[in-house]
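Q: This is the structure, below, for whatever I ask next.
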Amino acid sequence: MTDGPARGPSLRLAAMLVLATAGALFSAALLRHHLNPAESWSWARAICGGEAESSCDVVNRSAAAAVLGVPIAGIGFVYYLTIAVLAVIGWLEPRTAYWRLLMALTVLGFLVDVGLFSYSVFGLEAICGLCAVTYGVTALLLILSVSLLRSGGTPEQRRIPARARVALLAFGGIAVLATCGFWHEHWGAAVRGAERLFEDPDEALRVAWTVFHRKYVESEPIAIPGDRPPTKGATQPIMTLTLFADFLCSHCRRSAKLLSDFAEAHRDTVALQFRNYPLDDACNPESEGVHPGACLLARAALAAGRQGRFWYYHDLLFANQNIWRSGVQVTQLVHLADQAGLDAEQFGRDIARPDIESAVIADIEAAHAIGVESTPTLFINGREMQSIPIRTFLEELLRAEAGHQQAFQDQRAISKRKEG
C-alpha cells in the first residue's frame with residue numbers, strides 16, 4: 001500500500017478548494033457592489049442582469065444586506081476562505097474530524113442561503129445574480145462534503161508525502177500574503193472610506209450624487225425614435241423622463257410609481273413618457289418569453305389611452321400584477337376597464353385593433369434601436385441612466401437642469417443685446 005492519497009477524497013477536496021475560492025471571489029464582487037455600486041466590476045454588473053435598476057441593487061439596499069452593520073457579502077468572503085483553508089488542511093492531514101467540520105460548515109451555509117433566497121423571492125421579489133451564484137457554490141460544497149465523508153478508505157491511506165505537504169504549505173503561505181497585500185492595496189481604502197460614509201450619511205449622499213451627476217453630464221443624449229408616446233406633465237419640460245417598462249416587471253412597478261409621483265409634483269417642469277417594452281415573445285422575439293401576457297397588457301394600456309385614461313389604467317395594471325402572473329385574459333382586462341369607468345365595448349374593440357399592436361411593436365423596435373434590452377430602463381433628457389435615481393437625485397438634477405437652462409437663456413439675451 002502506498003503512502004499517497006486516495007484519488008477520490010483528494011479530487012473532492014481539490015474541487016472544494018476551487019469552489020470555495022470561486023465563492024470568495026463572487027462574495028468580494030458582491031461586497032464591492034455593496035460598498036460602492038458605481039465602482040462595481042463590469043462582469044459583476046453583467047451577472048446582476050444589466051438592468052437599469054438591477055436585482056443586486058434591490059437586495060443590497062434591503063435589511064438582509066448586513067448583520068449588525070457588517071455586510072453579508074463580507075461574512076460570505078470570510079466563510080468561503082475558511083472552507084478553502086479547511087479543504088487544504090483536510091488534504092494535508094486527512095482526519096475525519098476535519099471532514100466533519102467541513103460538512104457542518106457547508107450545512108450551516110446552505111441553511112443560511114435557503115433563508116436569504118426565500119427572503120429575496122417572497123420578501124423582495126428580486127433575486128441577486130451574484131447571490132444566486134454563491135448559493136449554487138454552497139450547494140455544491142455541501143454535496144462534496146457529504147460525498148467526502150461517505151468515501152471509503154482510512155485516513156492513513158490518504159496521507160500526503162512530507163515534501164508535497166511542505167510545498168503546498170509554502171504555496172499557501174505565499175497566497176495568504178498576496179491576498180493580504182491585495183486587500184490592503186485595493187480594499188482597505190474602500191472599507192475605510194465606507195466607514196467614514198456610514199458615520200456621515202449626508203457625506204455619503206453627497207458623494208453618491210456627485211458620481212451620479214458626473215455620469216449624467218458625461219453621457220451623450222440620444223434621440224429616441226418613434227411617435228410621441230403617452231405623456232403627462234409639462235408641455236415644455238425642463239426634464240423629460242422616458243421609461244421603457246413591462247407591466248409584469250416588479251421593478252417597473254416601483255420605478256413607475258416613483259417617477260409618476262415626481263412628475264405630478266413638478267407638472268410645470270417635468271414630463272413623463274411611457275414606452276412599452278414587454279418581455280413577452282408574443283410581440284418581442286428577443287425577450288425569451290420572460291413575462292407571458294405582457295404584450296396583451298401593453299395593448300390594453302394603449303386601448304385605455306384611446307379613451308384618455310392611459311395613466312389611470314396604467315396604474316391599475318401595475319397594481320394588479322399578482323393577478324396577471326397567473327395568466328392574462330382579454331375578458332379580465334375588459335372587466336377591469338368597465339370597473340374603471342371606461343366604455344367596455346369600445347375598449348374590447350380597441351385592444352384588438354391592428355394599429356394598437358403596431359404601436360406596441362413600434363416601441364419595441366425603438367428600444368432595440370437605442371440598445372434597450374431590459375426593464376426598467378430610464379432616459380432623462382435622452383441620457384440613459386444606469387439605475388433608477390432616488391427622489392433626492394431627481395430633485396437635485398431638476399434644479400441643476402433649471403439652472404443650466406436659465407444660464408443658457410441669459411447668455412442668449414446678452415448676445416441679442418450685443419447684436420442690437
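Q: I'd like the Karplus ³J(HN,Hα) series for segment 235-248: coefficients 6.51, -1.76, 1.60, θ = phi - 60°, whole numbers in Hz, and an x wherever there's a Gly or Pro.
A: Values per residue, Gly and Pro as x: 7, 10, x, 7, 10, 10, 9, 10, 10, 8, 8, 10, 5, 9 Hz.
Q: Can you send over the carbon and sulfur percentage of the accessible area for segment 222-316, probe radius 1.4 Å, protein chains only?
A: Heavy-atom surface of segment 222-316 belonging to carbon and sulfur, 1.4 Å probe: 48 percent.
Q: Give me the 1.4 Å probe accessible area per residue for segment 256-310, excluding ligands and nucleic acids, in Å².
A: I get 40 Å² per residue for segment 256-310.
Q: Debye sum, Cα scatterers, segment 220-360, no solvent: what log₁₀ I/I(0) at q = 0.12 1/Å?
A: Cα-only, vacuum Debye calculation for segment 220-360: -0.47.
Q: Follow-up. Restricting attention to segment 276-375, which GluC sites (Glu not before Pro) occupy a DSSP loop and are surrounded by at most 14 other Cβ atoms within 10 Å?
A: Passing both the DSSP loop test and the Cβ count: GLU288.
Q: Provide the solvent-accessible area of ASP315, counting protein heavy atoms only and rolling a 1.4 Å probe, rounded to the nearest 10 Å².
A: Surface open to solvent at ASP315 totals about 80 Å².
The values are calculated or read from the model by the stated rules, or taken from the named source; none is laboratory data. What you see is a predicted model; the values in this text were computed from it and never measured. Glycine gets a Cβ as well: all are built from the backbone with ideal geometry, and neighbour counts include every protein chain shown. SASA here: full protein model, heavy atoms, side chains in, ligands and nucleic acids out. Shrake-Rupley method; radii C 1.70, N 1.55, O 1.52, S 1.80 Å.
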